[in-house]
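The values are calculated or read from the model by the stated rules, or taken from the named source; none is laboratory data. Being a predicted model, the structure only gives us computed values, none of them experimental. Using ideal geometry, Cβ is built from the backbone for each residue, glycine included, and neighbour counts are taken over all protein chains shown. We work out accessible area using only protein heavy atoms, side chains counted, and drop any ligands, DNA or RNA first. Shrake-Rupley method; radii C 1.70, N 1.55, O 1.52, S 1.80 Å.
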Amino acid sequence: MPKFGFTPPHDQLHRHHHHLLLLLLSLLLSATNASPASATTTNYQRFKEAPQFYNSPACPSLDTNEMCSDQAVHVAMTLDVVYIRGSMAAILSVLQHSSCPQNILFHFIASATADRHHLRHTIFRSFPSLKFQIYPYDSSAVLGLISTSIRSALDCPLNYARNYLANLLPPCLTRVVYLDSDLILVDDIAKLSATPLGDSTVLAAPEYCNANFTSYFTPTFWSNPTLSLTFAGRKACYFNTGVMIIDLQRWRQGDYTTKIIEWMELQKRMRIYELGSLPPFLLVFAGNIAPVDHRWNQHGLGGDNYRGLCRNLHRGPVSLLHWSGKGKPWVRLDANRPCPLDALWAPYDLLQTPLALES
């Protein structure tokens, strides 16, 4: 007969198991009742609210249908959780240096599988007055056309969304400025948007004719006369597709999306280029684009595609700084190994640090 207050070992074990089961059941119930949003947003970055920017008195009034207004500056960018920190900085820089910031309309392209509700909330939280739309991009059509390149980030299907802008954006849109997410402007984007395109040119971009154009294509391409004659009669120069002004009506009329896709299909059959989404644009447009001053794309600040080493600015004035290449300023700043020019990006960083979140 056990003494009062003493519990036999087997009863202790039974009660211990009982408590464990209750605890596990409680945890399972709380996990089941948690909303999907709370389960998936815990690792999302949070951003500060940006200042409000207002039009100067001389700014024109937009048409009733703002998303189609010719008085607006239309900006297209891709949007995803991987590069959203860069996107937020780019948006802030565009607004801050514009004389008519309320006349800028943003058209964001996001993967059809992305959490567009979260992306919309993130943009709205930092820019409550921003005029923008998010368009779903079904990358299934392009997946089978992407060939591996020298850097895995270049193979992301969203990189190819610029091929389909004319199909994704409203048919009423006539002109758009396309911007990558790893850049900032320090000048009024209205000047860039107003770039003359002439009577028939489809797009405008800064050209770099001193670059080794032949290096973007393989010996297979250059040794095949049928292919290499593509550039016959064209003064083909390299241009960076991270900053472009596009006449969407002319693009649609010329069915340029199909022309780009045809080159991508050929690439899958016989490797004719090495670098992601750029070469098809060069094949279709190089030598046939409207010129833009180099100040509007001081690119390559992210270094090369292999190591992402620090680089200096090109000579001349600067209106846009572009961290194309492997090294992104927010990554280098977080690693406490910034390049000197990353200090120019930092003031546009809206990320809320853990210290700011706690205060």
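Considering region 244-359, the qualifying helices (runs of 4 or more DSSP H), each wholly inside and each with 2 or more residues that are in contact with a helix residue (DSSP H, G or I) (Cβ under 9 Å, 6 or more places away or on another chain) and among the hydroxyl-bearing types (S, T, Y), run over 256-269. Listed conditions (1) more than 18 Å from the chain's Cα centre (by Cα); (2) touching a residue at least 60 places away in the same chain (Cβ under 8 Å) are all met by L275, apart from (1). Check whether at least one residue in region 266-277 is closer than 30 Å to H74 by Cα and not small (G, A, S), and report yes or no. Checked against the condition, which is being closer than 30 Å to H74 by Cα and not small (G, A, S), region 266-277 yields at least one hit. Each residue in region 245-262 was checked for being free of Cβ contacts under 8 Å to residues at least 60 places away in the same chain and over 27 Å from R295 (Cα atoms), and 6 of them qualify. Screening the candidates S277, S324, S359 for the property of being modelled with pLDDT under 95, in contact with a His (Cβ under 8 Å, 6 or more places away or on another chain) and either over 27 Å from C237 (Cα atoms) or open to solvent by less than 40 Å² (accessible area, probe 1.4 Å) (or both) yields one hit, S324. Name the single residue that is farthest from G242 (Cα to Cα) among those in region 331-347 being open to solvent by less than 20 Å² (accessible area, probe 1.4 Å) and not charged (D, E, K, R). Filtering first and then ranking leaves C339. Counting the residues of region 51-100 that are over 15 Å from A194 (Cα atoms) and either open to solvent by 70 Å² or more (accessible area, probe 1.4 Å) or over 15 Å from the mean Cα position of the chain (by Cα) (or both) gives 21. For the list (1) over 23 Å from S193 (Cβ atoms); (2) over 19 Å from the mean Cα position of the chain (by Cα), I need the number of the one condition that G325 fails. With (1) over 23 Å from S193 (Cβ atoms); (2) over 19 Å from the mean Cα position of the chain (by Cα) applied to G325, the lone miss is (2). Would you pick out the residues in region 225-244 that are among the polar types (S, T, N, Q) and touching a residue at least 60 places away in the same chain (Cβ under 8 Å)? Correct list: N240, T241.
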